[in-house]
Amino acid sequence: MAGDAGSSKPRELEPVSLKTASLALLTVALWGANPAAVSYSVDTLPPITVAALRFAMATVFMLFWCHIEGCGLRLRAGQRLPAVIAGLLLFLQIATFNVGVTMSNSSHSSMMINTFVFWVVVIEHFITRADRLTARKLLGLFVAFGGVLLLLLRTDTSVSAVSRDQPTLVGDAILLFSACVLAWKVVYVRHALKFVEPGKLIFWHDLIGVVCFVICSASFERLEFRGFTTPAVVSLVYQGVFVAGICFALQALLLRHHSASQIAVFSFATPLFGVGTGILLRGDRMTPMLAVAAVCVAIGILLVNLRKLEHAD
């Protein structure tokens, strides 16, 4: 986010306190549990329908957020195209993620989607040239890639009696594609924030995404109201209110007082929370290979986000 876009006075950054770390880890935990919540929803509801309902709630939240912030919703000249592109990227990323979750489990989903951090590094080094690929970041990429490779090369051939979901190579591949699209969306949103206020951009990108989800769902999916089971509804509320709503609000609050790099370093815990909730809530199998893969992805994210304490930085 670029909440300070357009401000000529630089921010006075505060050191990371225990309260800051706790709030940052709370957002990480909420985000990490999202794949498990999506899994509960797609148990009985079509994946694109789930996305439409989730972001419909997020759009309502952003409507109130923009009202509280006092930023208008009207897109000025030069703001419409960035909002449309961001919305289309949201549609492609979430649609593929939800479909991928139906063909995998929440532990794999959490690790695969969080590889977007590494795609961002590659895009910013080779394409946008906005940031350089250092030896530390390269090491992070290799460590995380090793963890992902462990998952891709080892798929269980039998479903556990406890586990509700079975990962597949196709499902994991779709999730990796979704992570790549998410990386492009992150990079593009950073660019779009130069022209559009943060709250306004998120509102319109959510709304455009909802329109695309509704059209796609109406064209290819069949919705049955008996699919609205209690777990599905509770998980939808979690995705729409807690992940798309409260997470956004907490991140906005944190970024008022700290830099993005100070907050991003806590994201290493996301796949750990994702694997943990998958095991506890969905009965995913805890294998040594899964544990090693999760730690590798977490270490990779940490290495990529840590700032070097060098004079050059």
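Please treat every number below as a calculation from the coordinates, not as lab data. Everything numeric in this text was worked out from a predicted model, so none of it was measured. Cβ coordinates were reconstructed from backbone atoms using ideal geometry, including for glycine residues, and neighbour counts include every protein chain displayed.
Would you mind giving the three semi-axes, in whole Å and largest first, of the ellipsoid equivalent to the chain according to its Cα gyration tensor? Mind showing how you got there, number by number?
Details: eigenvalues 170, 134, 61 Å².
After diagonalising the Cα gyration tensor, the semi-axes are 29, 26, 18 Å.
What percent does the relative contact order of the chain come to when contacts are Cα pairs within less than 8 Å and at least six residues apart? Could the numbers behind the result be given before it?
Working: 473 pairs, mean separation 128.8, N = 313.
The normalised contact order for the chain reaches 41 percent.
All other residues with a Cβ under 13 Å from the Cβ of residue 101 taken together, and with Lys, Arg as +1 and Asp, Glu as -1, what is their net charge? Before the final figure, lay out each step's value.
Values: positive: 54, 164, 282; negative: 43, 165, 172, 284.
Summing Lys and Arg as +1 and Asp and Glu as -1 gives -1.
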Problem set entry | segment 226-313: trypsin sites (Lys or Arg not before Pro) in DSSP coil with no more than 14 other Cβ atoms inside 10 Å | 256, 307, 308
Problem set entry | the chain - mean residue ellipticity at 222 nm from DSSP helices (-39,500 (n - 2.57) per run, n ≥ 4, rounded to 500) | -21500 deg cm²/dmol
Seminar exercise, completed: Listed with the fewest Cβ neighbours within 10 Å leading, 103, 286, 62 appear as 286, 103, 62
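In µm²/s, what is D for segment 216-313 at 20 °C and 1.002 mPa s, where D = kT/(6 pi eta Rh) by Stokes-Einstein and Rh is the Kirkwood radius from Cα pairs?
On the way: Rh = 16.9 Å.
The estimated diffusion coefficient comes to 127 µm²/s.
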For this session: At most 16 other Cβ atoms within 10 Å and a DSSP loop assignment: could you name the chymotrypsin sites (Phe, Trp or Tyr not before Pro) in segment 201-263 that fit?
Result: 228
Exercise. From the phi of every residue in segment 75-87, what ³J(HN,Hα) in whole Hz does the Karplus formula 6.51 cos²θ - 1.76 cosθ + 1.60 yield, where θ is phi - 60° and glycine or proline is x?
Worked result: 7, 7, 4, x, 9, 5, 4, x, 5, 5, 4, 4, x
